[in-house]
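Reviewing the structure listed below.
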Amino acid sequence: MSESTHYLVYTSRITPKASFQTNTFTDILAKSNHNNNMANISGFLFFKKGKFLQYIEGNHQAIISLYEKLEQDKRHKALKIIVSGTRPAPIFGQWAMHCIDLGNSESGVFSELVEDFAPYQWGAGEALQLISDMQRYYHQHHPASEMFAPKPVPYWQMLGRAIAKRHRVFLLLEGLIVLLLMLSYMAWKLRG
Ligand SMILES: Cc1cc2nc3c(=O)[nH]c(=O)nc-3n(C[C@H](O)[C@H](O)[C@H](O)COP(=O)(O)O)c2cc1C
């Protein structure tokens with residue numbers, strides 16, 4: 001078996017009971033983050049107008065087991081796989097599960113596709129387009145260079161810091177000279 005990453009995009013509808021329970025989303029979020037971290041699964045989950053759209057990626061067996069669990073979950077129904085396939089490596093590795101409530105955010109930030117959220121009408125083309133739009137969004141928000149390398153300090157700031165440092169040394173020296181002068185003046189006065 002190859003070590004490639006398996007991915008899958010599906011859509012589903014929230015069940016009436018789950019939509020009335022206030023903890024549905026926090027529970028899904030907590031469970032997904034915990035389990036996916038353990039199973040090396042990453043992805044994103046959209047929710048809008050009673051519909052979920054989820055992208056999951058990871059080891060083939062892990063994705064199959066998760067999908068089997070998802071099918072048993074009574075919080076949603078009518079699961080429909082839109083596209084699935086393999087890729088050489090995960091593309092959302094830093095997102096154990098990035099959950100986005102599209103009803104409460106500016107959808108356009110993620111992808112024009114999710115503005116008019118109709119995933120049951122989507123084919124593989126729309127799903128693949130969304131994945132590539134999300135990849136762009138992911139790189140803007142998790143650029144590797146920003147995460148692993150400190151930002152360089154601008155030259156003028158370094159100059160400012162150097163001057164300020166020298167200034168402190170001068171101030172200390174000035175203070176010492178004044179103190180010495182005062183002490184010698186006092187010693188001269190006491191003698192006289
Ligand atoms: C829309 C939706 C998305 C979910 N996404 C995930 C997920 O990414 N990972 C996960 O482990 N469980 C997810 N769940 C929960 C699973 O269906 C299932 O309840 C959970 O994996 C059970 O975990 P457990 O075997 O540790 O109890 C999701 C549930 C729903 C309704």
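Since every read-out is calculated from the coordinates, none of them should be taken as a lab result. All values derive from a computational prediction rather than experimental measurement. Neighbour counts run over all protein chains shown; Cβ positions are idealised from the backbone, glycine included.
Towards the positive end of the charge dipole of the chain, with charges on Cβ (+1 Lys, Arg; -1 Asp, Glu), say which of ASN59, TRP188, GLN140 has the farthest Cα. Towards the positive end, the residue furthest out is TRP188. Pairs exceeding 18 Å between alpha-carbon atoms, taken from LYS48/LYS69; LYS17/LYS51; LYS49/LYS80: LYS48/LYS69. Between the Cα long axis of helix 24-39 and the first principal axis of the chain there is an angle of about 80°, rounded to the nearest 10. Going 7 Å from the Cα of THR26 along its beta-carbon direction, which residues of segment 92-108 have the amide nitrogen within less than 15 Å of the resulting point? It comes to no residues whatsoever. Rounded if a/c is under 1.5, else prolate if a/b is larger than b/c, else oblate: which is segment 5-148, with a ≥ b ≥ c the root eigenvalues of its Cα gyration tensor? In terms of gyration-tensor shape, rounded. Using alpha carbons only, how many degrees (0 to 90, rounded to 10) separate the axis of helix 60-72 from the longest principal axis of the chain? The answer is roughly 70 degrees.
Helical runs (DSSP H, four residues minimum) scored at -39500 (n - 2.57) apiece and divided by the length of the chain put the mean residue ellipticity at 222 nm at -16000 deg cm²/dmol.
Which length gain, in nm to one decimal place, applies between GLU71 and LYS49 when the Cα-Cα distance is subtracted from 0.36 nm times their residue separation? Show your work: numbers first, answer last.
On the way: separation 22, 0.36 × 22 = 7.92 nm, distance 2.03 nm.
Net length gain for the segment: 5.9 nm.
Extending 7 Å from Cα along the Cβ direction at ALA78 and again at GLN94 yields two label points whose distance is 3.6 nm. Between GLU106 and ARG87, the modelled label-to-label distance comes to 2.5 nm, taking each label 7 Å out from Cα in the direction of the beta carbon. Candidates ALA96, SER4, TRP122 compared by Cα position along the dipole of the chain: farthest toward the positive end lies ALA96, with charges placed on Cβ. Normalised by the number of residues in the chain, the mean separation of alpha-carbon contacts (under 8 Å, six or more apart) gives a relative contact order of 25 percent. Note that segment 79-96 has calculated 3J(HN,Hα) couplings of 5, 9, 6, 8, 7, 8, x, 10, 9, x, 8, x, 10, 10, x, 7, 9, 4 Hz, one per residue in order, obtained from phi through the Karplus relation 6.51 cos²θ - 1.76 cosθ + 1.60 (θ = phi - 60°); glycine and proline are x.
If only the Cβ of Lys and Arg carry +1 and only the Cβ of Asp and Glu carry -1, the dipole of the chain around its Cα centre is close to 1000 debye.
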